[in-house]
Amino acid sequence: MPAYLNALTGRGVHIVTVNDYLALRDSQWMGKIYEFLGLTVGCIQNWMNTEQRKTQYNCDITYGTNNEFGFDYLRDNMAIDPSDIVQRGHYYAIIDEVDSILIDEARTPLIISGPVPETEHKFDWMKPKVERLVTAQINLVSKIVDEAEKLLNEGKLEEAGVLLLKAHRGAPKHKKLRKILAEPEYQKLLLDTELEFLKDQGIKMRQLDEDLYFVVDEKNHIIDLTEKGREFLANLSPEDREFFVLPDLGTEISIIENDPYLTPSQKQRKKEELYRLYSERSDKVHAIQQLLRAYIMFEKDVDYIVQDGKVLIVDEFTGRVLPGRRYSEGLHQAIEAKEGVKVEQDTQTLATITIQNYFRMYKKLAGMTGTAATEAQEFWEIYKLDVVVIPTNKPCIRIDYDDVIYRTKREKYNAVIDEIERMHKIGRPVLVGTTSVEVSELLSRMLKRRGIPHNVLNAKHHQREAEIVANAGLRGMVTIATNMAGRGTDIKLGPGVAELGGLHVIGTERHEARRIDLQLRGRAGRQGDPGSSRFFISLEDDLMRLFGGERIANIMQRLGYKEGEPIQHPMITKSVERAQKKVEQNNFAIRKRLLEYDDVLNKQREVVYSLRRHALLGERLEDDLLDILTDYVEDTVEKYYPSLDYQGLKDELMRTLLIDLKITPDEFEKLGKEGLKEKIYNEAVEFYNQKKAQLGEDLMFALMKMAMLQVIDQRWQEHLREMDELREGIHLRAYAQKDPLVEYKTEAFEMFMEMMRRIRSGVLGIVFRMFPVVPEEVIERRPRRPRREQLNLVHQESIGMGLRVSANEADVATATAVKPEVKLQPVKVTQKVGRNDPCPCGSGKKYKHCHGKI
């Protein structure tokens with residue numbers, strides 16, 4: 001009904017699903033009803049070309065995945081012809097499995113990227129050094145754990161607690177440490193010691209960390225290299241002892257600028273050396289940090305798998321492989337180096353948007369899911385969406401048993417196998433949910449030893465998904481699955497199964513998000529069918545270690561825990577849910593922080609895309625050009641007038657606008673800023689009008705359109721690359737007691753203003769300096785849109801038009817003409833040009849990359 005009513009407006013309704021199969025199926029199921037009511041229905045599929053997509057979007061109701069809608073929006077804003085635009089706006093969207101798309105996918109932006117030439121990574125070079133560092137840390141922690149165990153046996157709890165905390169800060173997943181902390185009293189000892197050391201602003205904690213090579217913060221996914229670690233790495237490379245010392249750019253530049261003994265060219269040279277030094281050192285530090293994360297935080301067959309020599313990410317919420325998706329900021333390359341596979345070429349972002357900001361563009365937004373109540377706060381704060389719980393069609397008669405908790409994973413897995421065997425003998429089908437490929441394969445090996453037939457469904461065996469799910473509800477069937485068999489999977493019961501009690505669901509670990517557990521439970525007891533569910537957990541599970549330790553340990557002591565015996569009590573289940581709430585709040589804070597960062601880029605994106613869309617559609621072309629001219633004149637006069645640089649201003653205007661400012665130095669000074677701005681603007685407009693009369697309005701507008709699209713695309717892509725680089729290192733500002741977000745906003749604004757200045761000078765340079773060739777026949781070329789296979793969807797020649805540039809324009813592909821090439825004259829440099837300054841030839845390149853090339 002909502003889709004039908006909103007479609008009547010004629011503005012288009014988008015119905016969003018999680019995969020192509022569901023989009024096609026739902027459009028076919030519901031299409032007949034909508035068509036009966038007089039509406040048209042379309043469906044976007046991955047393989048469709050531009051014309052097919054446009055046809056589907058022109059329907060009243062269009063089905064598709066969030067990725068397809070998002071990528072089409074990005075591609076529309078890379079189009080070089082209005083006919084290439086496929087979408088017609090963002091009016092109303094209904095999202096199926098709305099929590100999966102708007103929350104689980106919110107941390108992964110949609111990115112269209114292309115290869116970057118001449119990139120050099122440091123991961124292979126740093127890998128052996130980081131491996132030695134990690135080995136040294138593990139050996140150190142092993143000694144600390146052995147000493148702690150000895151002290152525990154001697155009853156010296158206070159000293160043992162300090163060593164346990166130190167070991168936990170150095171290697172929280174150390175096997176022997178985890179075994180010790182499985183004892184509730186020792187878990188409580190660790191937490192009490194940690195609280196004591198966090199007092200007095202954490203001074204004692206920092207002193208404790210000095211003995212380690214690096215400190216691991218599992219909750220926040222951070223690894224911090226200590227002074228001891230830096231010294232260790234420096235000793236491995238004596239020639240690079242200083243590469244951890246990052247110069248303070250602001251302070252150093254200020255010193256250079258205020259040095260009265262340096263000439264302008266010497267200042268420029270010193271600043272270049274400073275930037276190069278900072279870049280080299282920050283690249284190495286970044287490579288080390290990402291390699292440490294790859295070795296410590298990311299596990300093979302849990303976070304990713306390796307297939308055919310490639311590292312493939314496994315979605316933590318669905319358990320599915322995410323082909324084509326890569327971790328950002330060099331982390332994926334670090335994991336490739338760790339696994340010894342080919343380190344893929346770095347990529348450059350051509351266009352990007354987060355799921356959050358894409359769906360916030362819709363005027364009206366709605367969605368459906370079975371598990372949204374736990375995230376009601378986030379839906380309201382981010383999307384301004386209320387959550388309403390609707391009763392089920394038939395009463396749910398599924399029995400959800402209390403969680404059963406064990407001390408160790410070994411005890412837990414043995415209990416899971418016993419439960420499977422008991423249900424198998426009764427004849428009830430069993431679905432076992434695991435959180436990783438690794439655990440699913442471990443349980444499979446244990447079932448084989450017991451002689452229990454079963455199927456395994458995980459990222460490595462996804463080809464048989466349909467067959468396995470179809471048989472999962474049959475009598476006596478056992479299915480072990482990752483989260484792939486959670487959301488959206490409908491398991492139908494076989495003959496006689498309902499009488500036995502229906503499907504029994506076993507969870508082998510609580511997920512960080514309660515919604516994922518509820519989705520797993522929801523596979524049983526659908527549409528009024530009987531069923532049951534039970535979760536088995538242990539104190540060694542990540543959720544328990546990180547967020548539930550103290551409360552669970554206290555409860556187990558109170559209930560009189562004995563080794564080898566499980567504890568099953570409503571208090572345990574409630575405590576686990578409290579731990580999950582903590583994680584959800586933590587993850588919400590992360591997503592909110594990421595959105596704060598992306599909002600900066602989103603505002604910039606809106607400005608650039610609006611300017612580009614005007615140019616593409618030929619709207620406000622002349623108005624936009626005159627606005628650009630006004631801003632350019634303002635910037636130029638502000639740059640040259642305070643220092644009374646008469647010659648510099650004349651050269652700048654000749655380079656960009658081809659205007660010879662006919663005033664004397666005295667007139668230059670007397671006119672003042674405002675008078676000078678008015679004179680330059682009037683002369684530029686007069687020159688523009690003469691040129692428009694000479695070329696004709698149509699050709700002049702075509703020239704403006706080509707200039708706008710070409711320069712905006714090039715400068716925007718450069719800006720995205722610079723913003724990526726800024727994001728990679730911005731967290732280092734925290735060490736200087738600065739807020740990284742505030743620093744990011746400040747620098748991003750400065751970079752954006754610099755990009756806009758480059759756009760203005762680039763557009764004006766083409767519009768004012770390009771003149772027509774007069775050949776017998778003009779060959780018109782249209783730019784080729786990059787082929788889809790040339791672009792990476794993660795989660796061009798210019799229009800020649802028979803024009804020739806008056807000087808070598810590197811920003812523009814040289815226009816084609818039958819007339820032979822005119823040899824370019826050498827550029828006469830009238831003043832000393834810094835190597836990082838724009839080249840006087842007007843190419844837009846830096847001098848060192850153009851006529852100053854050595």
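For the range 384-399, the criterion of a residue being in a loop (DSSP other than H, G, I, E, B) and polar (S, T, N, Q) is satisfied by at least one position. For the range 313-327, does any single residue satisfy the condition of being part of a loop (DSSP other than H, G, I, E, B), under 21 Å from Asp224 (Cβ atoms) and not hydroxyl-bearing (Ser, Thr, Tyr)? No, the conditions are met nowhere in the range 313-327. From the list Glu686, Glu652, the one residue that fits, being within 23 Å of Ile766 (Cβ to Cβ), surrounded by fewer than 14 Cβ atoms within 10 Å (Cβ to Cβ) and of a type outside the set (Lys, Arg), is Glu686. Please state which of the following conditions Val216 fails to meet, knowing it meets all the rest: (1) aliphatic (A, V, I, L, M); (2) within 20 Å of His286 (Cβ to Cβ); (3) assigned to a helix (DSSP H, G or I). Status for Val216: all satisfied but (3).
Residues in the range 395-408 that are basic (Lys, Arg) and closer than 17 Å to Thr369 by Cα: none. Taken over the range 664-683, the criterion of being crowded, with 17+ Cβ neighbours inside 10 Å and either of a type in the set (A, V, I, L, M, F, W, C) or at positive phi (or both) is satisfied by Phe668, Leu671, Leu676, Ile680.
Suppose we filter the range 418-441 for residues that are closer than 10 Å to Ile506 by Cβ and in a helix (DSSP H, G or I); how many remain? Total satisfying the criteria: 3.
Of all residues in the range 611-630, none satisfies being more than 24 Å from Met755 (Cα to Cα) and buried (at least 17 other Cβ atoms within 10 Å of the Cβ). Restricting Glu344, Glu329, Glu339 to those that are among the acidic types (Asp, Glu), under 29 Å from Asp283 (Cα atoms) and modelled with pLDDT of 90 or more reduces the list to Glu339. Test Leu703 against the criterion of being more than 30 Å from Thr347 (Cβ to Cβ), at pLDDT 90 or above, surrounded by 16 or more Cβ atoms within 10 Å (Cβ to Cβ) and not aromatic (Phe, Trp, Tyr), and give yes or no. When the stated conditions are applied, Leu703 passes them. Of all residues in the range 361-383, exactly one satisfies the criterion of being of a type in the set (Lys, Arg) and touching a Lys or Arg at 6+ places or on another chain (Cβ under 9 Å), namely Lys363. When residues in the range 522-538 are screened for being assigned to a strand (DSSP E or B) and either touching a His at 6+ places or on another chain (Cβ under 9 Å) or among the small types (Gly, Ala, Ser) (or both), 5 of them pass.
The test for being surrounded by fewer than 17 Cβ atoms within 10 Å (Cβ to Cβ), in contact with an Asp or Glu (Cβ under 6 Å, 6 or more places away or on another chain) and either under 23 Å from Tyr4 (Cβ atoms) or aromatic (Phe, Trp, Tyr) (or both) does not hold for Thr55. Helices (runs of 4 or more DSSP H) fully within the range 97-185 that include at least 2 residues being at pLDDT below 90 and within 36 Å of the chain's Cα centre (by Cα): 123-153, 175-181.
Here's the yes/no breakdown for (1) at pLDDT below 85; (2) farther than 30 Å from Ser83 by Cα:
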site: Arg613; (1), (2): no, no
site: Leu617; (1), (2): no, no
site: Leu621; (1), (2): no, no
site: Asp624; (1), (2): no, no
site: Glu638; (1), (2): no, yes
site: Tyr646; (1), (2): yes, yes
site: Leu649; (1), (2): no, yes
site: Met654; (1), (2): no, yes
site: Ile659; (1), (2): no, yes
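Out of Ile712, Ile659, I need the residue that is closer than 21 Å to Val767 by Cα, touching a helix residue (DSSP H, G or I) at 6+ places or on another chain (Cβ under 8 Å) and outside any helix (DSSP H, G or I). Which one? Testing whether each residue is closer than 21 Å to Val767 by Cα, touching a helix residue (DSSP H, G or I) at 6+ places or on another chain (Cβ under 8 Å) and outside any helix (DSSP H, G or I) leaves just Ile659. Of the residues screened, Ser643 is not one that is farther than 14 Å from Arg760 by Cβ, in a helix (DSSP H, G or I) and small (Gly, Ala, Ser). Go over the candidates Gly486, Gly476 one by one and state the one that is crowded, with 17+ Cβ neighbours inside 10 Å, of a type in the set (Gly, Ala, Ser) and either under 29 Å from Val18 (Cα atoms) or modelled with pLDDT of 95 or more (or both). Just one listed residue meets the conditions, Gly486. Taking the range 728-740 as the range and being surrounded by fewer than 16 Cβ atoms within 10 Å (Cβ to Cβ) and modelled with pLDDT of 80 or more as the test, the residues that pass are Lys738, Asp739.
Restricting Arg25, Arg75, Arg11 to residues that are surrounded by fewer than 20 Cβ atoms within 10 Å (Cβ to Cβ) and within 19 Å of Tyr358 (Cα to Cα) narrows the list to Arg11.
I'd like to check something: does the range 232-248 contain any residue that is buried (at least 19 other Cβ atoms within 10 Å of the Cβ), among the small types (Gly, Ala, Ser) and within 27 Å of Leu133 (Cβ to Cβ)? There is no residue in the range 232-248 that is buried (at least 19 other Cβ atoms within 10 Å of the Cβ), among the small types (Gly, Ala, Ser) and within 27 Å of Leu133 (Cβ to Cβ). A search for C-beta distances below 7 Å between a residue of the range 643-662 that is farther than 13 Å from Leu676 by Cβ and any residue that is of a type in the set (S, T, N, Q) and modelled with pLDDT of 85 or more, counting only pairs 6+ apart in sequence or on different chains, returns Thr656/Ser761. Listed by first and then second residue, the pairs with beta-carbon distance under 6 Å, at least 6 apart or on different chains, first residue in the range 707-736 and over 29 Å from Asp624 (Cβ atoms), second modelled with pLDDT under 85 and outside any helix (DSSP H, G or I), are Glu728/Glu329. Pairs meeting the criteria (first residue in the range 280-293 and outside any helix (DSSP H, G or I), second residue surrounded by fewer than 19 Cβ atoms within 10 Å (Cβ to Cβ), beta carbons under 6 Å, at least 6 apart or on different chains) are lacking.
Looking only at residues in the range 770-790 that are touching a strand residue (DSSP E or B) at 6+ places or on another chain (Cβ under 9 Å) and over 18 Å from Ile712 (Cβ atoms), the one that is modelled with the lowest pLDDT is Val778. Taking the listed residues Ile491, Ile452, the one that is in a loop (DSSP other than H, G, I, E, B), at pLDDT below 90 and either surrounded by 21 or more Cβ atoms within 10 Å (Cβ to Cβ) or aliphatic (A, V, I, L, M) (or both) is Ile491, with no other qualifying. Does the range 390-397 contain any residue that is in contact with a helix residue (DSSP H, G or I) (Cβ under 9 Å, 6 or more places away or on another chain), under 30 Å from Asp124 (Cα atoms) and among the hydroxyl-bearing types (Ser, Thr, Tyr)? No: zero hits.
The values are calculated or read from the model by the stated rules, or taken from the named source; none is laboratory data. Quantities reported herein were computed from a predicted structural model and do not represent experimental measurements. Heads up, the Cβs are rebuilt from the backbone with ideal geometry, glycines too, and the neighbour counts pull from every protein chain shown.
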